[in-house]
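Enquirer: This is the structure I have questions about; it appears just below.
Rule-based calculations on the coordinates, nothing more; no lab input. Everything numeric in this text was worked out from a predicted model, so none of it was measured. Positions of Cβ are generated from backbone atoms using ideal geometry, with glycine treated the same way; all protein chains shown enter the neighbour counts.
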Protein chains: 6
Amino acid sequence: MKLSEITEWIDRELEVGKFDDVSNNSLQISRRGDAVSRIAFGVDASADFIARAAASGAELCVVHHGISWGGGIKRLTGGVYEVVKAAMDANVALYAAHLPLDASEKCGNNWELARHLGLKDISKAFSYHGNVIGVTGIASKDGVCRIGETEIPLAVGEKVGVCSGGAGEFAEAAKELGCSLFVTGEASWGDVIAAENAGMRMIQAGHYETETFGVKALQRAIAGELGAETVFIPRIQK
Amino acid sequence: MKLSEITEWIDRELEVGKFDDVSNNSLQISRRGDAVSRIAFGVDASADFIARAAASGAELCVVHHGISWGGGIKRLTGGVYEVVKAAMDANVALYAAHLPLDASEKCGNNWELARHLGLKDISKAFSYHGNVIGVTGIASKDGVCRIGETEIPLAVGEKVGVCSGGAGEFAEAAKELGCSLFVTGEASWGDVIAAENAGMRMIQAGHYETETFGVKALQRAIAGELGAETVFIPRIQK
Amino acid sequence: MKLSEITEWIDRELEVGKFDDVSNNSLQISRRGDAVSRIAFGVDASADFIARAAASGAELCVVHHGISWGGGIKRLTGGVYEVVKAAMDANVALYAAHLPLDASEKCGNNWELARHLGLKDISKAFSYHGNVIGVTGIASKDGVCRIGETEIPLAVGEKVGVCSGGAGEFAEAAKELGCSLFVTGEASWGDVIAAENAGMRMIQAGHYETETFGVKALQRAIAGELGAETVFIPRIQK
Amino acid sequence: MKLSEITEWIDRELEVGKFDDVSNNSLQISRRGDAVSRIAFGVDASADFIARAAASGAELCVVHHGISWGGGIKRLTGGVYEVVKAAMDANVALYAAHLPLDASEKCGNNWELARHLGLKDISKAFSYHGNVIGVTGIASKDGVCRIGETEIPLAVGEKVGVCSGGAGEFAEAAKELGCSLFVTGEASWGDVIAAENAGMRMIQAGHYETETFGVKALQRAIAGELGAETVFIPRIQK
Amino acid sequence: MKLSEITEWIDRELEVGKFDDVSNNSLQISRRGDAVSRIAFGVDASADFIARAAASGAELCVVHHGISWGGGIKRLTGGVYEVVKAAMDANVALYAAHLPLDASEKCGNNWELARHLGLKDISKAFSYHGNVIGVTGIASKDGVCRIGETEIPLAVGEKVGVCSGGAGEFAEAAKELGCSLFVTGEASWGDVIAAENAGMRMIQAGHYETETFGVKALQRAIAGELGAETVFIPRIQK
Amino acid sequence: MKLSEITEWIDRELEVGKFDDVSNNSLQISRRGDAVSRIAFGVDASADFIARAAASGAELCVVHHGISWGGGIKRLTGGVYEVVKAAMDANVALYAAHLPLDASEKCGNNWELARHLGLKDISKAFSYHGNVIGVTGIASKDGVCRIGETEIPLAVGEKVGVCSGGAGEFAEAAKELGCSLFVTGEASWGDVIAAENAGMRMIQAGHYETETFGVKALQRAIAGELGAETVFIPRIQK
C-alpha cells in the first residue's frame, strides 16, 4: 500500500483538516520509498517506540503525540534529535493525530472512553480552541468501572463529562453542563484547585491510560477497512 | 499596621514589579478598612482557605496562587464567585505572589528547596517568559532527602536542577546545564516523554509540596521584619 | 423565576453569542440562590445603582455597561471593588449586554432611537469589530426632535445615521452612505475633527441619554414576555 | 531655514524618538523645496487650518494632531484627501507631535497646564503605553483658575493630577497617587462612571482648550531659539 | 461616467471584498470631480506613470501595485510623496487591485497566463493568506512559449503550476500537486534553494512581465462592458 | 575539537544571542559524537552541499542560510526531509548564522563587502527588526569594482549603502542617509519600484554572490583562531 494513500485515508477519516490544533497533525516525518506493508500504533513518539516499531517490521508509525507542535521543531538537537535519528536510521515514517483522535465519534479517545464506561446519550462537549473534543453521557448502571488502574465509581443516571489527556481545565464547564463527575487523564494543580472551588468532582485516570483508546480504535479501523497489517506498541515504563 | 504598607513591603521584598507573570501579582482583593493585625499564609486561594484564615483572625491572606490570572476575572461566577464571596463576607484582603515567590533568593520556593536538599553552589537557572525562576546546585552529600512524601536520592557532587510547581518543561534545559537530576512539583505527560527522549531523570515531588517552602519563608520574613502576627493555613485534602 | 432562565432568555433574545464585544456580556456577577422575583434596569453599573436596585427589592440588575471588559477584572480594588462589594453585600446578581443591546432590532438602542426620531426605511449600518450595531433611516417629517435635552432638527427625506454611545468614529461612514446627519451619544475630539474634515454634520445627544432607550425596551420586553416585576433606576447626577 | 533642520530640531527638543505613540510623529507631509521662512502652529490638522496657514505665508504647519495614526493612511479619500489636497496645493509641509508634546517638561501641555494652575512640586505621572505623559502637583493657593471657559477650584495644599486631551482613564490612577482632583480635557462616559465608582473628582476642561498650551509653548521656543517667524492659528468653531 | 460607478464595477467584477490582501485594494487616491472619461492601465503606480497617464487625458489610473499597503501610508514623504503629488497636481484618481487581479478567472494574471501558455484543465491552486490566487493546468502541446523574453519549454501532458509576481514560495506546493514545472514572475533566493532541495523545476519569467496580463485583460473588459476610453501605459525601463 | 566548543565560540564571536532573527541561529542539527576535526562552510544548506561537505571529511557544516526559520520545521517532508536525511545519514551537524553573519564588523557580509569595495569611514546602518545589519561608507577612488559578475561603478567621495542578500527595502533609507548608491544582493519588484519613485540608484549584485563574503571571513577566523581544518564548498549551479 502507498504511504500517501494511508495518510490521506486517515486525514479524511479523522477530518484532520477541520481542527485548529497545537499539534501539526498528519505526516510529520517522511521516508524513502512509498510502499508501506505494516503500521505500528502507539500513544507517544519516542526513540524507543520507533526502534521497536521498526523492529516489528513497520514502515509507518501512527501516534497521538508526535514531535512537531506549534511553530514546529526549532532545532534537531537533544530529545527530538533522538526521535528523528531513530526514524531516519530505520527509514520509518511518522504520522500524528492529536485533537482529531480525541474527538472522532468513530474512533476518538473520548467516544471510546464513554462506551467503555457504559455511558448512554453521549454527546459532544468541551471546546478547545474552537474544537469540541470531549463528550458527556449518562451512566447506565451503578458500579465501578476501571481505566487502567483507576477506579471510576458510577451511579446510574448521573451525568458524566469525559475528556482524555490533560483536560482538567474543563472541570468547571462539566459542572455548568450538569455533570456530577468529570473524568480526565491528568489535571494540573491549578485545575484541581479550580475544580474544588467550583465544587466539581474530578477523577484523573492517567494521561497515557485515557489515550490508548483512540489509537487502538484507529488501528482496528485501519486493519478492517484498509486491510493493513498493524501492531500496537505499548509504552514500557522506565 | 496598614494594609498598603504591608503590600508595598512585599512588593519591594520580592521585586514583584520585575516579573512578567501570568499571575496578576500583588493585591488582588481589597477590603474595607486599612488596619491589618494578622496575616494568614497559604499556597492556594480557596473559599475554604479564606474562611479558615478569617476564623483565625486574619484580615489579609498571602498566597502563591491567587484568583486573577492573565487578562483577569471575566465573570464572578462559579468557583471564583465562591472565593470572592468568602473574602468579601469576611472582609479579608487577598495578596498573591507567583513567580516572584518562586524566584526570590531570600524566600523563594526554589532557593528554599535547594537549601532543604543541602545543595551548594546554588545559582539561578530556568527562564520562564524572561523570568529566571529556578536554581541549580551541587549535592553536598550522598543520601535520600524528602519533600513531603517524595524521596529524592542524591549523590555527592552531582548537579541538580530545581524548579517548583509545574515546571517539567525545564527538564531538557537542566540536562543542557549538566544536571543529572531535575526536581520539580509536577510534570505534564508531554514533559515526561520529552525528558525521557532527552535521557533526563526527573522527579515530581508534588506541586503543593514544593510550593509551601516559599510562603513559609515569606511568613518568617514578615514576622521577623514587620513584627506582624502570622499563621500558616495548610491545605485540607478533600 | 430562576436566574438562569432569565439570563438564558436575554442571551437568546439579544443573540448575545453572536457579538465580538469588548464587554464580557451576559451574567457578570452571580448570587446565592437562584430565585429572582424582581429585576432592576439601568445604563451603568455603579455601587450607588446597585444599592438602589437592592433597596427596591431587586435580586438581579440588567445594565448596558457592566464591570467586566476585555480580558476581565485584574484586581478587585478601587472602584470595581465598590461595585462588587455592593452586589455581594446585597446578594444582587449583575447581567450586562453591551453591543447586543445597541444592535437588537426589537429592543436595541439604535432601532429604538430611530423609531423615536420618526425615521422610516430603517436599515442596519456601522460595523464595529464585525458587529453591525447602528442604523440609517429616512426622516419622515420636518421638525425638531429631542433626545434628552438635545434638539435634533430633521428635514423630511434626509438620510440620517444613528449610533448610540461613543460612536463618533462612524461619522465619515455615514457620509459615504449618503447621510446628511449623524446622531450619536458622544464623540471624541479626534472624531469631531475627522467629521469636520469630511464635511459631515454630527450631533452628540449624550452617551447616557442615547442609551436609556435599549434598557427600557428590554425592560418592557421582559415585563411583557416573562411577566417579571421590573424597575428602571435612573442615574442620579453627582 | 531648511525644513530638515527645523524638523530635526523639534525631534530632538521633544525627544520624539522615545515615544511609543499611536500618532506617527515628526514630518507627515513633505513639500517641494527645503526652504522654510514661516511656521504656523495649531492643535488640529484640517483643510481649513492649512489653508489659513498657507494664506499667512507659512511653508510648514506644526500641530498636535496630525493626519497619520497607527498603521497609517489607508486611502487618500474623504476627509484626509481634503487635508492632503490642501497641503499639496499650497505646498505646505505638516509636522505632528502628539505624546511628545503632552509630556515635554519644557513645552508640553501638561507641564504648561500645571504652571498655569500655579501648581508646585510638579512631577511626572500617568503612563500611556509606557510613556509617562501627565503630571501631578500641589496647589499653591486657594481660588479658582480658568482653562478656557472652565473653572477649576483649587484648595491650597491639595494634590492635583493633570493630563491634557482625552485622558479620563487616568482618574483612578490619580486617586491612587493621592490626588483629590484630576483635570483633563475630555473623558469618555465609561471613564466618568469609573471615576465616580472610585470616588475621584474629575474636571473636563476641553480637549482643544487643554492642548493649545503645548503648541504655543513650542511656538515660543522655536521663535526664541531658532529665530523663525511663527504664527498661531486658532480653531474657528463651526 | 462617474468615478464611483467605475470603482464599484471593478470591485464587483474582481470580488475585491473577498480577498485578505496586504494591498489596500480599490480606490486609493480620490480626485476633485466625479466625471471620468478616460482610464489608464499599468502594472505599477509611479510618478512617471501617473504623469504619462494624465498627459494621455486619463482621470483615473488602474494598477496592480498601488501605493497603500498593510496599515497604510505612514508619511507622505520620499517616493510616496512623489506619486501622491503627481496624482494631486494632475487631479488623477488611483485604483489598485492586487490579489483580486491575480486570481480572477475572467481577467486575472494567472488564468490569462495559463491561456497564453495553452494550458487546459485549468484549476485554482496556491493559497496566499487564505486567497487561492494561482492555477495549475496541463500543457496541450510540445514546444516553447514566451512570456516577455523568457522561454518556457512545455511537454504535452505535463502539469504546470502558474503564479504571477513574486510567488516562488509555491514551488514546493506545485510539486505536491504533481506539477513538473512551476512558472512565476520572480523568486527570492530562499525560494530558489527550497525548490532545488525539493527537486522542483521553476522558471522566473519576470515580475512585471507576468503581471501585464491581468491589467490588460481588465482593460479589455472595461472597454467592452463599460464602453470607457482606455489606454495601457507600459513601463519605461530606466 | 568538541562540537560544543566550536558552536559556543561562533555564538560568542558573532554575538548570536543579541539578534532578533527569523533564522533560528546556532546549532540546527546535532550529530552522534562530539568530536569535530573538519568544518565545511557554505552559503546555503542543501542535500547536495551536505553530501559534498561530508565527502570532504567534514563533521560540521556552517552556513548563512540553514533549515530552521521562524517557528521551526513543521514537517520533515519534501525538501527539508532531503537536507535532514543527508545530514543524519552522513552524521554531519549543521550550524547557521544569518543576521549575525550579515552584521559582524569582523567577519560579516556587509563590512567585508565594504572593504572589498574600498569604502572608508564605514559605519553601521539599516535596521531590520531592531538589528542594524548593513553599512554605509565613502568611496575612496573612482572606478569599477566587481561583486561576482556585477560591475559596481564608484565615484570618489560618494556615499554608498551596502546590505547583502535581499535588502532592497533599505534603498530609500540609504537615500535618507545621503547615499547616492545602494548595493544589495537582490531586490523584490516592489522595492525596485519604490527605489525608482524615491530617485535612488540601486545595484543588485546577487543574493549568493554578496553572501559568500561572510562565511569565507568566518572560515578564515576559525582557521586562524581555533586552528580547525576548514573548507569552503561553493554552490554548483543547476
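Enquirer: Given contacts defined as C-alpha pairs under 8 Å and at least six residues apart, what's the relative contact order of the range D:138-232, whole-number percent?
Expert: Computed value for the range D:138-232: 23 percent relative contact order.
Enquirer: Shielding by partners for C:164-173, please: the mean number of other protein chain Cβ atoms within 10 Å of each residue's Cβ.
Expert: Taking the mean over all residues of the peptide, I get 1.
Enquirer: Using helices alone, what [θ] at 222 nm do you get for chain E, with -39,500 (n - 2.57) per DSSP H run of 4 or more residues, divided over all residues and rounded to the nearest 500?
Expert: -9500 deg cm²/dmol
Enquirer: If you average the sequence gap of Cα pairs under 8 Å that are 6 or more apart and divide by the length of chain F, what percent do you get for the contact order?
Expert: It rounds to 19 percent for chain F.
Enquirer: On average, how many beta carbons from a partner chain sit within 10 Å of the beta carbon of a residue in A:20-30?
Expert: Counting other chains' Cβ atoms within 10 Å and averaging over A:20-30 gives 3.
Enquirer: On to the next question. Mind listing the long-range amide H neighbours of E:L154? Cut-off is under 5 Å, sequence gap 5 or more, other chains count too, H placed in the peptide plane at 1.01 Å from N.
Expert: Residues meeting the criterion, in which the H sits 1.01 Å from N, are E:G143, E:V144, E:C145.
Enquirer: Below 8 Å between Cα atoms, with a sequence gap of 6+, how large is the relative contact order for the range C:8-118 in percent?
Expert: Reported relative contact order: 33 percent.
Enquirer: Work through the residues other than F:G79 whose Cβ is under 10 Å from its Cβ and net out their charges, Lys, Arg +1 and Asp, Glu -1.
Expert: -2
Enquirer: Between A:I203 and C:H116, what is the spin-label point distance in nm, taking each point 7 Å from the Cα along the Cα→C-beta axis?
Expert: 5.8
Enquirer: Given the rotation relating A and D, tell me which residue in A puts its Cβ closest to the axis and the distance in Å.
Expert: Spelled out as residue then distance in Å, it is A:G71, 12.
Enquirer: Can you tell me which of E:129-138, C:108-117 comes out highest on packing, and rank the rest after it, using the mean Cβ neighbours within 10 Å?
Expert: Going from most to least packed, we get C:108-117, E:129-138.
Enquirer: Ordered shortest first, which distances in nm separate the 7 Å Cα→C-beta label point of B:V231 from those of the other copies?
Expert: 4.0, 6.3, 7.7, 7.7, 9.1
Enquirer: Also: Quick one: which residues, 5 or more positions from D:F182 or on another chain, have an amide H under 5 Å from its amide H? H modelled 1.01 Å from N in the peptide plane, none for Pro or chain starts.
Expert: D:G161, D:R201, D:M202, D:I203
Enquirer: Continuing with the same structure: Need the C-alpha centroid separation for the range D:151-178 versus the range E:45-65, integer Å.
Expert: Result: 54 Å between the Cα centres.
Enquirer: Still on this structure, I have one more. Residues of the range F:95-131 with amide nitrogen under 15 Å from the 7 Å Cα-to-Cβ point of F:E158?
Expert: F:117-120
Enquirer: Test of understanding: in a Gaussian network model of chain F with alpha carbons linked when under 10 Å, which of F:L218, F:L14, F:L177 would top the mean-square fluctuation ranking?
Expert: Looking only at F:L218, F:L14, F:L177, the largest GNM fluctuation is found for F:L177.
Enquirer: Relative to the other copies, what are the label-point distances for E:K141, with labels 7 Å from Cα along the C-beta vector, expressed in nm at one decimal and sorted shortest first?
Expert: 5.9, 7.7, 7.7, 9.4, 9.9
Enquirer: What is the packing order of peptides D:62-73, F:16-27, taking the mean over residues of other C-beta atoms within 10 Å and listing the highest first?
Expert: D:62-73, F:16-27
Enquirer: Per residue of the range F:197-210, what does 6.51 cos²θ - 1.76 cosθ + 1.60 with θ = phi - 60° give for ³J(HN,Hα)? Whole Hz please, x for Gly and Pro, Karplus curve as stated.
Expert: Ordered by residue, 3J(HN,Hα) equals 4, 7, x, 10, 7, 10, 10, 9, 9, x, 4, 4, 4, 6 Hz.
Enquirer: Evaluate E = 1/(1 + (r/R0)^6) for C:A35 and C:R235, where r is the Cβ-Cβ distance and R0 equals 30 Å; express this FRET efficiency to the nearest 0.05.
Expert: Rounded to the nearest 0.05, the efficiency is 0.60.
Enquirer: Averaged across the residues of F:63-75, what count of C-beta atoms belonging to other chains lies within 10 Å of each residue's C-beta?
Expert: Whole-number average of other-chain Cβ neighbours for F:63-75 is 6.
Enquirer: Under a Cβ-only charge scheme (Lys and Arg +1, Asp and Glu -1), can you give me the dipole magnitude of chain D about the Cα centre, in debye to the nearest 20?
Expert: 400
Enquirer: In a shell of Cβ-Cβ distance under 9 Å around F:T136, excluding F:T136 itself, what net charge do Lys and Arg (+1) and Asp and Glu (-1) give?
Expert: Neighbourhood net charge equals +1.
Enquirer: Right, here's the next one. Please sort F:28-36, E:185-193 by packing, taking for each peptide the average over its residues of neighbouring beta carbons within 10 angstrom, highest first.
Expert: Ranked from most to least packed, the peptides come out as E:185-193, F:28-36.
Enquirer: What is the helix-to-structure angle for A:3-13, meaning the angle in degrees between its Cα long axis and the longest Cα principal axis of chain A, kept from 0 to 90 and rounded to the nearest 10?
Expert: Here the helix axis deviates by roughly 20 degrees.
Enquirer: ³J(HN,Hα) across the range C:222-230 via Karplus (A = 6.51, B = -1.76, C = 1.60, θ = phi - 60°), whole Hz, x for Gly/Pro?
Expert: 5, 4, x, 8, 9, x, 7, 6, 9
Enquirer: Then there is this: Using Cα atoms only, what is the angle between the long axis of helix D:78-90 and the major principal axis of chain D, expressed in degrees (0 to 90) to the nearest 10?
Expert: Computed tilt is about 50 degrees.
Enquirer: If you add up the charges near E:E112, with Lys and Arg at +1 and Asp and Glu at -1, over every other residue whose beta carbon is less than 15 angstrom from its beta carbon, what do you get?
Expert: +2
Enquirer: I'd like the antiparallel share, as a percent to the nearest 5, of DSSP beta bridges with both residues in the range F:141-234.
Expert: The antiparallel fraction comes to roughly 40 percent.
Enquirer: Between F:W9 and the same site in the other copies, what are the distances in nm, shortest first, taking label points 7 Å from Cα along the C-beta direction?
Expert: The answer, with the shortest distance listed first, is 5.4, 5.5, 5.5, 7.1, 8.0 nm.
Enquirer: Can you list the aspartates and glutamates whose alpha carbon sits under 16 Å from that of A:K2, skipping same-chain ones fewer than 8 residues off?
Expert: Reachable aspartates and glutamates: A:D11, A:D34, A:E59, A:E225, A:E229, E:E176.
Enquirer: For the range A:1-157, what proportion of DSSP beta bridges, expressed in % and rounded to the nearest 5, is antiparallel?
Expert: 65
Enquirer: Additional query: Percent antiparallel among DSSP beta bridges with both residues in the protein assembly as shown, to the nearest 5?
Expert: 50
Enquirer: How high is the FRET efficiency from F:E225 to F:A51, r the C-beta distance, R0 25 Å, rounded to 0.05?
Expert: E between F:E225 and F:A51, to the nearest 0.05, is 0.30.
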